[in-house]
Amino acid sequence: MVSDSPSAAVPAISIENLRFQYGEKQVIHDVTLDIPSREITAFIGPSGCGKSTLLRCFNRINDRIPGARVTGGSIRVAGIDIARPDLDLQTLRRRVGMVFQKWNPFPKSIFDNVAYGLRIHGEKDRSALEERVEYCLRRVALWDDVKDRLKSSAFGLSGGQQQRLCIARTIATRPDIILMDEPCSALDPLSTLKIEELLLELKNDYTIVIVTHNLAQASRCSDKTAFFFLGKLIEHGPTTKIFTKPDQQQTESYVSGAFG
Amino acid sequence: MPDSPTPTSVPADHPFRRKGRSTDGLFRAFFAGNAGLTIVILVLIIVFLVREGAGFFPDYRKELVLYRKAGLEFVDLSRKDLTAHEQMSSLLNRAYYAQVNAACRTEFQRSQEVSAVISYVSDAVAPAQSALERVQERAGEEGVPKELQDSLSAKYKELLAAALAGKPGEGLPPTPHLSSEERRQLLSELEARDPLSSDDPPLVVALQEQLSAKQEQASAPLADFRAAIDAFADASLDLDTLVAETGDTVKATKEAATLHEIEIEKRATLLKAAASAKTEEAKAQFETEARESVTTEPVEFKTALQPVLDRTPDFKAANAALAAALAEVQRKLPASLEDPKAGRYLSAFRKAAGEYERELSDTVPAMAAWKHDAPVGLGSTIMGFITGRDWITGGEWQDFYGIVPLFTGSLLIAVIALSLAIPLGVGAAIYTNQLAGPGEQKFIKPTIEFLQAIPSVVLGFLGIAVLGTILQETSMKDAFSWVPGFPIQQRLNMFTAGCLLGLMAIPTIFSLSEDALNNVPSAFAEASDALGASKLQTIFRVVLPAAISGILAAVLLGLGRVIGETMVVLLVAGNRIEIPDFTEGLGVFFQPAHTLTGIIAQELGEVPFGSVHYRALFVVGMILFAIVLSINWTAQRLLHKFRIGHD
């Protein structure tokens, strides 16, 4: 756990005038946004509006993509500009966990999947690992289903279970922030419901940013909502306000289902 | 369906009506024919292999029966002891000379260094010197014209001075074991040498004297050891004579039996021809020839063998003499030798002594139990082929077809090749796929795959001309004397062959490993990155384990390539049909060997069609086929498992 526990007053992530390009194509235009701690912030908007790209900037996982680069502005996580060249990327990613759209457990056992993050950060003590794995699996409500087959392959689980396993894997390294990139888009409604319940339970300890196409999901789970359109942040604010009486015409059209 | 029934054909003027005949069937038949023909050819190849090879075991069995009946096997019981005895005395001799040479090592090196300098200088002045010699020879009584003599002498001096100054930048060959005074002396002696004298400079003579004195001095304390070795070696003389004498007898029996059989066969052929002859005349002719064709009596094996069996007491006595000599020499051996190499030979002797003693004591009971008419089973023939330690062909005595030496050669070479190709191939694949930039990828991949385009005979040529020579020269250097097996005795050996085969396997292993790594979904690496893993952690903990079965398949296919490769091993492996001497430890890899593939390539062109030897080579081919087939099959299974692993 982090020693200087961030208070609600200080934003977990603050974005200033961020511009981002894939090659020559500008996909994010001057976005400025603060993401508050210990809350769920939902990014909504039609496909290709840059919301996933923005999310993937927060842990610099976009570095993996050749030609993708920030061309202006800054992102601060825990008060530090993450573009600085002397930043320890591994520690950043440890504190800013990520859950992907398509569940992607490793081709390893269930136990090894959850323990992976701990092991790469140097944890060798078997009992500490076991304790943490059990805690994480309980946290995602998977423990009772898998406690008898921790040694079997993670691929034997159902889609929803695999996604929850990925969440357990993410929280195992004790992040402050969890980024979720459409975590339920490939899941059936029942599994989606379970994940949503999990999100509400997790937000007491973690700052969660979720990208979703499912407007109902955003309105059900999130505290704050940000609406993006064509790479621009159109409007953001408390979820109830965005969904009931938004300031912008475009937001109103989108949340009412006129386009998108 | 609506009210009207389904018509049997589309009405002629309807747009759905098919126009003309379809050529689909034709194309189908063409492609099916191609696939079918390929499979038929494969089946024919297998049938051919099996048909040619299957006759081997009965034929070989017939040979072994004759080998036993004629008594060759009986003589071989003792001959085996003789061979073992020779090997044992050679071990002792090697220990002795290793000890003596180690003591004289410095003197030997000094002498060699001086020779190197002298030969360098002599080469340099050779043109002027030989010219001087020639004019001297032709000069006759009035002597050489003075100006010619002077000009040649001047030329000689000039060359000599240049030679003594040394090569530009390098100087004369180094003499690290000579003192600077000795070196100076050597150079001045060389300078003062008369161009026409062929005497060695005094320093050389002195050094040679030093060397022989040192040799004498070193061997003096070993005199007892020397005497023991000689006594041990001489102990086999009786048995040697005995084996030679009885060997001649049984060989004559075997030859007579073979000749008789050939004649019988000829008669049968003639009689068959007579039976189908067209005219009475021809028939009579054939029958006469058939009657005359058998000129020899059938061999009475028992009688022929009796004189050999009668000498059994002599064999026993000779055997006892060997055992006594062994006991004697063991008592007299020095407890240890100073030089580590000599010590190794000595302890190898001690280790082998027990085995040899058992072998000796087994011989007499084996001779007593031996029967010339005991049957040779087909099973023991097959076992003799699979576990046989000798592959001896074209000899006067008896041909043996044992696959073990060839198999061991192939296996050891494959081990060398893979231990070179796996790190290089897989390592390069990891680098290219995971760490290299796009520009490097574009360069590395085609370059490594280009290796595959080099014909194996060219690689073999490289192995003989370059690698073998460099390796041997390097192994002579003092700095590498700690490497097991150095200095290398044979320029062509398993290590050279293994290196080249490794080179040939690298592209296979590299390309397939690279594919396997490429097939690992990037989501795994992404998830690992997002958890804060470093690049290397991601590679070694996620990507590599996920690709491991594909990489294993790549290695297996590389192995298949190595085992099946012929040209390189034939050219480079040294082609000695013998089980390598494993007592040398890792040095075993620097011995020459023959391989399953090489033996076929080398011998198939020379054997008579249909002979036992010919069929034996086909069986070797079948075994090779089975090995490579099972390797490739396993690799395919692994690849398949790998592909469905992520669904």
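A few points about this structure:
- Each 10 Å bin from zero holds the following percent of Cα-Cα pairs in region B:14-53: 25, 25, 21, 15, 9, 5, 1.
- For the protein assembly as shown, the antiparallel share of DSSP beta bridges with both residues in that region comes to about 60%.
- Once you divide the Cα radius of gyration of region B:412-455 by 2.2 N^0.38 Å, the number left is 1.32.
- Candidate lysines for bridging to B:LYS266, where Cα separation is under 29 Å - those fewer than 8 sequence places away on the same chain excluded: B:LYS62, B:LYS69, B:LYS251, B:LYS254, B:LYS278, B:LYS283, B:LYS302
- Environment charge of B:PRO580, counting only residues whose C-beta is closer than 15 Å and scoring Lys/Arg +1, Asp/Glu -1: -2
- Ignoring lysines fewer than eight residues from A:LYS51 along the same chain, the ones with Cα atoms less than 25 angstrom from its Cα are A:LYS25, A:LYS102, A:LYS194, A:LYS203, A:LYS224, A:LYS232, A:LYS241, A:LYS245.
- Residue-wise HN-Hα couplings along region B:607-616, as the Karplus relation 6.51 cos²θ - 1.76 cosθ + 1.60 with θ = phi - 60° gives them from phi, are 7, x, 4, x, 6, 4, 4, 4, 5, 4 Hz; Gly and Pro carry x.
- Simple point charges give the picture: +1 on the Cβ of Lys and Arg, -1 on the Cβ of Asp and Glu, and for chain B a dipole about the Cα centre of about 2940 debye.
- Peptide B:532-539 is shielded by partner chain Cβ atoms: per residue, an average of 4 of them sit within 10 Å of its Cβ.
- Extreme residue, positive dipole direction of the protein assembly as shown, given options B:GLY485, B:VAL555, A:SER74 (C-beta unit charges): A:SER74
- The fewest-to-most ranking of B:PHE315, A:PHE100, B:PHE450 by surrounding Cβ atoms within 10 Å reads B:PHE450, A:PHE100, B:PHE315.
- By the rule of a C-alpha distance below 28 Å, with chain neighbours fewer than 8 residues away ignored, the lysines paired with B:LYS157 are B:LYS146, B:LYS167.
- Counting all C-alpha pairs of region B:300-372, share separated by more than 15 Å (%): 65 percent
- Put simply, the amide H of A:ILE28, placed in the peptide plane, has neighbours under 5 Å in A:PHE20, leaving out anything fewer than 5 places away on its chain.
- Partner chain coverage, peptide A:104-110 - average Cβ within 10 angstrom: 5
- P(r) weight above 25 Å for region B:409-645, C-alpha pairs, percent: 50 percent
- Exposure proxy ranking for A:ASP30, B:ASP194, based on other Cβ atoms within 10 angstrom of each Cβ and starting from the fewest, stands as B:ASP194, A:ASP30.
- Here the protein assembly as shown is described by how far its Cα atoms reach on the three principal axes: 125, 99, 66 Å, from widest to narrowest.
- Diffusion coefficient of region B:35-170 by Stokes-Einstein, Kirkwood radius over Cα pairs, 25 °C, 0.890 mPa s: 103 µm²/s.
- Per residue, the convex hull volume that the Cα atoms of region A:38-150 enclose (Å³): 169 Å³
- 5 Å binning of all Cα-Cα separations within region B:104-199, expressed as whole percents from 0 upward: 2, 12, 21, 21, 16, 11, 8, 5, 3, 1, 0
- For A:GLU235, the residues whose amide H sits under 5 Å from its own are A:PHE227, ignoring neighbours fewer than 5 places away on the same chain, with H placed 1.01 Å from N.
- Estimated dipole of region B:14-53 in Debye, rounded to 20 [Cβ of Lys and Arg +1, of Asp and Glu -1, Cα centre]: 480 debye
- Using only side-chain charges placed at the Cβ, +1 for Lys and Arg and -1 for Asp and Glu, the dipole size of the protein assembly as shown relative to its Cα centre rounds to 4480 debye.
- Residues whose amide H comes within less than 5 Å of that of B:GLU578, counting only those at least five positions distant or on another chain, are B:HIS594 (H built at 1.01 Å from N in the peptide plane).
- For region A:114-260, with +1 on Lys and Arg beta carbons and -1 on Asp and Glu, the positive-most of A:SER253, A:GLN163, A:THR225 along the dipole: A:GLN163
- DSSP-defined antiparallel bridges as percent of all bridges, chain A, nearest 5: 60 percent
- Globularity index of chain B, i.e. its alpha-carbon radius of gyration over 2.2 N^0.38 Å: 1.41
- Options B:LEU42, B:HIS14, B:ALA32, ranked by Cα towards positive dipole end of region B:14-53, top entry (Cβ charges): B:HIS14
- Peptide A:97-103 shows a mean partner chain C-beta count of 3 within 10 Å per residue C-beta.
- In terms of other Cβ atoms within 10 Å, B:ASP373, B:ASP76 run from fewest to most in the order B:ASP373, B:ASP76.
- Debye log10 I(q)/I(0) for region A:106-260, one point scatterer per Cα, at q = 0.12, 0.21 Å⁻¹: -0.59, -1.29
- Across region B:549-564, computed HN-Hα scalar couplings (Karplus, 6.51 cos²θ - 1.76 cosθ + 1.60, θ = phi - 60°) run 5, x, 5, 4, 4, 4, 5, 5, 5, x, 4, x, 5, 5, 5, x Hz from first to last residue, x flagging Gly and Pro.
- Per-residue 3J(HN,Hα) values for region B:216-226, derived from phi via the Karplus relation 6.51 cos²θ - 1.76 cosθ + 1.60 with θ = phi - 60°, read 4, 4, 5, 7, 4, x, 9, 4, 4, 4, 4 Hz in sequence order (x marks Gly and Pro).
- Positive minus negative residues near B:GLY409 (Lys, Arg vs Asp, Glu; Cβ under 10 Å): 0
Any read-out appearing in this document is the output of simple, stated calculations on the displayed coordinates, not a laboratory observation. What you see is a predicted model, and the numbers here were worked out from it, not measured in a lab. Ideal geometry is used to build each Cβ from the backbone, glycine not excepted, and the neighbour counts take in all protein chains shown.
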